Amino acid sequence: MLLEDIHNIQGLWVRTRTIDTIIGIEIRRNLCSWRNRLLKRTFDILVAIPIALLILPAVALAALMIKLVDPGPAFYVQRRIGLNGTIVKVLKLRTMYTDSERLLEEHLRRDPQARAEWQRFFKLRRDPRVLPIIGNFMRRSSADELPQLWNVICGDMSLVGPRPLPAYHAEQFDEEFRSLRIGVLPGITGLWQVSSRSDGDLQILREKDLFYIRNWSPWLDFYILLQTVPAVFGARGAR
């Protein structure tokens, strides 16, 4: 049997199997095992709770600064697609003006280049919705994502995994990839974030998520967590 597109397998744990006179390829799906899912969940709890308690004063200070810049709620909930297609209410510190949707529509209508950038990345380098100083700082440092530790503690998310996407973003991908993606818990950080972040377009995101899902191991999670620190402090690809 000849495989012409073998680079798309993306398997670290690929094994050959002999069935009578046929040689086949076995691709293991480690995240499908309930034991591995339990191991991953245990690790999330043991790490997320101490970190959440440690950063609580910093989150409270950031919330106060947001309200001083733009009156309104300091936190907001974003509805995104989670495990098995359920809706996850992702908790974030607010980094945008309260009328951000109107500001975005006006900006995209006036600027064709910005519209093209939005259609490719679903992010903007110069985003008129972002709060001055505090908003830019939190987005570049990813500090606005810290409240999602509560999502991890509640079991809606994992520390590491594919980022939960809004419906309009997920709809840009093919059905097979969407089905594979919702088979695992979404994460606060992931392979895409530490390697490409916002500099990676939809195709790069797809490749990184596929590699992670197909090759998960505790060591891969540990590696991604370690790589998250320099990626965040270096603000690589942040928008």
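Values computed for the structure shown
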| quantity | calculated |
| --- | --- |
| Cα shape, segment 111-222, gyration tensor, a/c 1.5 rule | oblate |
| Extension gain (nm, one decimal) between Leu61 and Phe75, 0.36 nm per residue minus Cα-Cα | 3.8 nm |
| Peptides ranked, highest mean first, by Cβ atoms within 10 Å: ranges 219-226, 72-79 | 219-226, 72-79 |
| Amide H partners (placed H, <5 Å) of Met157, local residues excluded | Val152 |
| Cβ-Cβ FRET estimate between Gln227 and Tyr168, R0 fixed at 22 Å, reported to 0.05 | 0.20 |
| Length gained when the stretch Glu105-Asn36 is fully extended (0.36 nm per residue, less Cα-Cα span) | 20.5 nm |
| Most to least accessible of Arg129, Arg37 (protein chains only, probe 1.4 Å) | Arg37, Arg129 |
| Heavy atoms of Arg115 accessible to a 1.4 Å probe, total area in Å² rounded to 10 | 100 Å² |
| Modelled FRET efficiency - R0 30 Å, Lys89 with Gln113, Cβ distances, 0.05 increments | 0.35 |
| Relative contact order (%) - segment 109-188, alpha-carbon pairs under 8 angstrom, separation at least six | 27 percent |
| Whole-percent pair-distance distribution, where bins are 5 Å wide, for the alpha carbons of segment 43-143 | 2, 11, 16, 19, 20, 15, 10, 4, 2, 0 |
| Relative contact order (%) - criterion: Cα under 8 Å, at least six apart; region: segment 156-229 | 39 percent |
| Percent accessible area from carbon and sulfur atoms, segment 41-154, protein chains only, probe 1.4 Å | 63 percent |
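The values are calculated or read from the model by the stated rules, or taken from the named source; none is laboratory data. Please read these numbers as outputs of a predicted model, since none were measured by experiment. Note: ideal-geometry Cβ built from the backbone for every residue, glycine included; neighbour counts use all protein chains shown. Quick note on the areas: whole protein, heavy atoms, side chains included, nothing else; ligands and nucleic acids left out. Shrake-Rupley method; radii C 1.70, N 1.55, O 1.52, S 1.80 Å.
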